[in-house]
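Notes to accompany the following structure.
The values are calculated or read from the model by the stated rules, or taken from the named source; none is laboratory data. This one's a predicted model, so the numbers in the text were calculated from it and none came from an experiment. Cβ sites come from the backbone with ideal geometry, for glycine too, and all protein chains shown count toward neighbours. Each accessible area value is taken on the protein alone, full model and side chains, heavy atoms only, with ligands, DNA and RNA left out. Shrake-Rupley method; radii C 1.70, N 1.55, O 1.52, S 1.80 Å.
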Amino acid sequence: MTLLLAGLALGLLAVVLALASPSRARVVLAGTSGVLAAALVGAAAVVDLAGRTTRTVTITSLLPFAPLHLRLDALAAAVELVVALVAIAAQVFAVGYARGRLRSRTATVLQGLFVLALLVVPVAGDVTTFLFAWELMALTSLALLLVDHERPSARAAAVWYGAMTQGGAAAITLGLLAVVRITHATSFASMAAARPGTGVLGVVAFVLTAAGFASKAGAVPLHVWLPRAHPEAPTPVSALMSGAMTALGLYGVARVDLGVLVEIGRGWWIGLLVVGVLSALFGALHAVTSTDLKRLLAYSTIDAMGLGLAGLAGAGVLRAEGRPEIAATLVVGVLVLLLAHGAFKALLFLAAGVVERATGTRDLDRLGGLVGLLPRTTAAVAVAAGSAASVPLGAGFVGEWILVEGFVAGLGRTAPGGVATALVGLVGVALTSGLTAVAMVKLLGVGFLGRARAERPASGTGEGRATGLALALLALVTVGVGVLPGPLVAVLARAARDVVGSASPGPAGSITSLTLASTATSLRPLGLAAGAVALVGLVVLAARGGSRVVRATRAWACGRSDLSPRMQYTATSFAEPVQRVFADVLRPTVDVTVSHEEESREIESVLAYRSRVDDAVERALYDPLVRAHDALGRRARILANGSVHRYLAYGFVALLIVLVALG
Amino acid sequence: MSGLGDGLIDLAAVAVLAVAVAGLWRRDVRALVGLLRLQGWALALVAAVAAVRGRDVGLGVTAVLVLVVKAGVVPVLLGRVARRDPGAREGAPLINVPASLVIAAALVALAVVAGAPLHALDPTASTALAPLGLATVLAGYLLLVTRRRALSQVVGLLVIDNGIALTTFLLTSGVPLIVELGGTLDVLLVVVVIRALLGTMRARFGGIDLDGLSELRD
């Protein structure tokens with residue numbers, strides 16, 4: 001607990017340093033303090049996970065209206081690990097990356113506050129502290145989105161994000177108030193002890209909190225802000241938003257809906273499972289068809305968080321079916337997935353920032369051949385993309401494997417309802433993984449391998465020392481969790497048992513292996529790694545011993561060296577088959593423009609093909625909503641005709657109505 | 001003393017309301033400023049009697065403050081603005097004079113009905129008068145809403161403030177001195193700012209008729 005408090009104090013110090021230090025030292029000082037803060041909080045989480053105690057502390061004098069209650073239990077520590085990892089990497093990166101506006105006092109202070117809020121949310125022990133930190137997180141990230149307020153797209157993203165995040169916060173507030181009303185308690189621990197969830201108020205609380213948290217995690221149809229806000233935010237901030245903030249949305253579901261509203265009916269969880277699976281598929285499909293690098297990453301965040309939501313909802317169903325040990329397995333899977341996603345997605349977003357700075361574009365159709373320009377970044381991206389595509393020995397694989405095993409266990413040993421649930425979950429995970437793999441291969445192959453598609457300035461690669469360190473750290477964690485998941489899973493199992501209230505030991509892990517009690521299957525990643533190394537060695541040896549003719553060509557160029565850049569796959573053409581298969585769902589807009597030579601109609605001068613995939617949910621659901629709102633606003637201007645007397649009369653009439661109502 | 005005090009307080013409180021209603025009747029802007037001065041005197045009298053009766057030094061200081069600001073400084077400042085365009089009369093108000101007097105009567109009745117619970121809370125002679133303060137507020141608001149000239153509207157605003165002050169004197173023997181001080185300074189500030197604003201308006205548009213300003217909205 002001392003570690004945690006010291007970490008949070010350093011986080012505050014980072015904000016003060018950002019405020020007070022001169023502009024030259026500002027980013028370095030605030031960044032260092034922020035990194036140390038996240039490291040200390042992360043260390044506190046590790047100590048807590050290794051030990052077996054839950055610690056609480058109350059700080060009375062910091063805020064004027066209510067005391068701060070902090071509580072570090074196993075679940076909080078598990079999520080705090082994710083947040084701390086992403087915060088360390090993003091802040092180290094920011095020290096080397098920040099230029100221009102991002103170095104300003106306002107931006108540095110806001111970034112410090114954002115990190116601090118992210119660190120406080122998981123350890124908030126009661127409703128007031130939680131809502132305070134949550135709102136601080138929402139507001140600071142909104143303001144950070146506006147650092148580049150001169151770009152119209154950033155402003156539009158901020159409007160969407162502001163509306164959605166405040167709507168979500170309002171839903172969460174109302175939902176938590178409903179829980180408080182049922183349980184007559186404000187701390188999460190005593191709320192859970194009251195076992196709420198029955199009755200109309202319980203359902204209201206579940207629906208409101210689940211909707212609010214799911215919108216933070218980008219669940220369909222509340223996701224529309226995410227593909228706008230994450231790409232438009234400054235690079236370190238988009239890494240924080242995507243790697244850590246969305247994870248806190250799932251943390252909210254785990255803490256409040258799974259952890260507190262214990263008695264809620266199974267049907268509501270099934271509904272949430274369907275939402276999660278649909279989000280995962282929707283996000284994966286759009287990730288496949290996106291050509292903007294950061295937009296692709298944002299959609300892939302929706303897909304990963306959708307899987308996480310499906311896992312948590314599956315845990316809810318299976319617990320209601322009386323299988324808490326399987327539920328615990330699923331929760332462990334989600335927690336591993338959150339850590340894996342935090343690492344690889346933060347890495348990919350940071351790398352996207354490096355790419356954007358080095359080439360001046362995020363359009364995959366104009367990139368390519370970055371391996372020559374940014375070799376270290378490409379290596380890190382390869383690791384992260386592998387993890388995202390659930391390639392074994394990546395962290396993402398471990399998380400999805402546990403999820404799949406959890407659903408398989410649910411398939412075998414429960415009532416028909418549970419079987420259907422598990423089936424939906426399984427199909428969702430499988431299809432999503434496949435689509436994500438396509439998206440990640442596209443990202444790596446089209447963006448980084450092959451030949452460059454556009455001329456670019458050769459000067460300044462943008463691979464600095466600090467940025468490289470951040471990417472290396474994240475890549476190391478990705479591989480580390482993938483090769484040695486045992487110890488991590490062993491400690492996360494305790495968090496999962498706390499959440500679902502299971503008594504059986506659940507998943508267990510050692511250095512070499514990972515065993516799931518629910519299915520009696522196990523994973524030996526260390527052996528797999530040894531095998532992979534041996535296999536690679538064999539191939540290299542065989543190559544040396546065999547043919548003496550060595551031919552060096554570029555990767556992703558069909559083994560030929562005479563391909564011109566225009567003969568390669570573009571991001572659009574690579575995704576074309578998937579786009580055709582899912583055309584009924586995606587409804588792409590395709591433009592073919594043909595223009596002719598002036599002399600002859602027979603000769604075509606330019607043939608332009610453009611295909612665009614718009615967000616179908618946004619078109620069907622939000623466009624009418626926005627239009628109706630607009631019309632209402634225009635209608636309401638009749639009220640304000642510019643006459644001072646009329647405005648005064650409104651006040652007078654209101655006063656009279658109040659008096660009449662009172663009298 | 002008590003009988004005399006009660007009589008004085010009754011008289012002064014009724015005078016505050018009567019002046020407010022008279023403001024609805026008069027259309028000459030300078031006459032309105034004169035009425036405002038009269039109201040300031042009456043309000044100060046209420047405060048002074050309440051101070052003597054309660055042996056309350058703070059309230060006594062408040063009475064002096066009210067006298068200086070509301071019967072002295074503010075009317076003098078407004079009088080200077082009014083003298084800039086002599087003979088300035090309110091054109092046709094948005095609601096004509098007889099109609100606004102009838103409405104004022106209805107407002108007083110509403111105030112009496114709505115103020116009854118206040119008296120029930122603490123049934124003393126002075127709380128029985130609290131509806132007068134409420135009625136003054138409503139009459140001032142009516143003045144504010146129906147008049148076209150900016151200066152008349154300022155008078156309406158100040159009448160509202162006087163009504164609020166009267167209510168506090170009658171209900172709780174005045175709010176703490178520091179609050180009263182703050183409120184009074186606020187009023188003074190409003191008058192100074194509006195005076196500057198009116199000067200600018202006259203220089204730019206040649207008049208202070210607010211109906212001409214409806215083009216300024218977004």
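Just a few scattered comments:
- Theoretical FRET efficiency, 1/(1+(r/R0)^6), r = Cβ-Cβ of residue B:203 and residue A:174, R0 56 Å, to 0.05: 0.60
- Per residue of B:138-147, other chain Cβ atoms within 10 Å of the residue Cβ number 4 on average.
- Relative contact order of chain A, pairs being alpha-carbon contacts under 8 Å that are 6 or more residues apart, as %: 12
- Whether segment B:1-110 is rounded, prolate or oblate, judged on the alpha carbon gyration tensor where a/c under 1.5 counts as rounded: oblate
- Here the gap between residue A:201 and residue A:639, fully extended at 0.36 nm per residue and compared with their Cα-Cα distance, gives a gain of 153.9 nm.
- Label-point separation in nm, residue B:189 to residue A:194, each point 7 Å along Cα→Cβ: 4.4
- Each peptide in A:310-318, A:526-534, A:76-84, A:28-36 receives the mean, over its residues, of other Cβ atoms within 10 Å, and ordering these scores from highest gives A:310-318, A:76-84, A:28-36, A:526-534.
- Nearby aspartates and glutamates by direct alpha-carbon distance to residue A:294 (threshold 15 angstrom, same-chain neighbours under 8 apart not counted): A:232, A:303, A:356, A:363, A:365
- A Förster distance of 60 Å, applied to the separation of the beta-carbon atoms of residue A:427 and residue A:650, puts the FRET efficiency at 0.55.
- At full extension, residue A:476 and residue A:607 could sit 42.6 nm farther apart than now, given 0.36 nm per residue minus the alpha carbon distance.
- Within 10 Å of each Cβ in A:642-655, the average number of Cβ atoms from other chains: 5
- Mean-position separation - Cα centroids, segment A:175-233 and segment A:77-93, in angstrom: 24
- With a Förster radius of 56 Å applied to the C-beta separation of residue B:112 and residue A:149, the computed FRET efficiency comes to 0.50.
- The protein assembly as shown - charge dipole about Cα centre, Lys and Arg +1 at Cβ, Asp and Glu -1, debye rounded to 20: 1340
- Taken residue by residue and averaged, Cβ atoms of other chains lying within 10 Å of the Cβ of B:107-115 number 3.
- Debye intensity ratio in log₁₀ form over the Cα atoms of segment B:2-210, taken at each q of 0.08, 0.12, 0.13, 0.15 Å⁻¹: -0.27, -0.59, -0.69, -0.90
- Three-way shape call for segment A:618-662 based on the alpha-carbon gyration tensor, with the a/c threshold at 1.5: oblate
- Accessible area (Å², per residue) of the protein assembly as shown, counting only protein heavy atoms and a probe of 1.4 Å: 42
- Annotation: peptides A:113-121, A:153-161, ranked by per-residue average of other Cβ atoms within 10 Å with the highest first, follow the order A:113-121, A:153-161.
- Label-to-label distance, residue A:465 versus residue A:104, with points set 7 angstrom from Cα along the beta-carbon direction: 3.0 nm.
- Taking amide H as placed 1.01 Å from N in the peptide plane, residue A:513 has no amide H partner under 5 Å among residues 5 or more places away or on another chain.
- Peptides A:131-142, A:12-23, A:604-615, A:55-66, ordered by how many other C-beta atoms sit within 10 Å of their residues on average, highest first, read A:131-142, A:12-23, A:604-615, A:55-66.
- Computed helical MRE - 222 nm, chain A, DSSP H runs ≥ 4 contributing -39500 (n - 2.57), nearest 500: -22500 deg cm²/dmol
- Residue-averaged 222 nm ellipticity for chain B, from DSSP H runs of 4+ at -39500 (n - 2.57), nearest 500: -26500 deg cm²/dmol
- Estimated dipole of segment A:618-662 in Debye, rounded to 20 [Cβ of Lys and Arg +1, of Asp and Glu -1, Cα centre]: 160
- Here chain B is treated with +1 on each Lys and Arg Cβ and -1 on each Asp and Glu Cβ, and its dipole about the Cα centre works out to around 780 debye.
- Among complete DSSP H helices in chain B, those whose alpha-carbon atoms stretch at least 20 Å along the helix's long axis and whose mean Kyte-Doolittle hydropathy reaches -1.0 are B:2-25, B:29-54, B:97-121, B:130-146, B:150-172, B:177-205.
- Three-way shape call for segment B:55-166 based on the alpha-carbon gyration tensor, with the a/c threshold at 1.5: oblate
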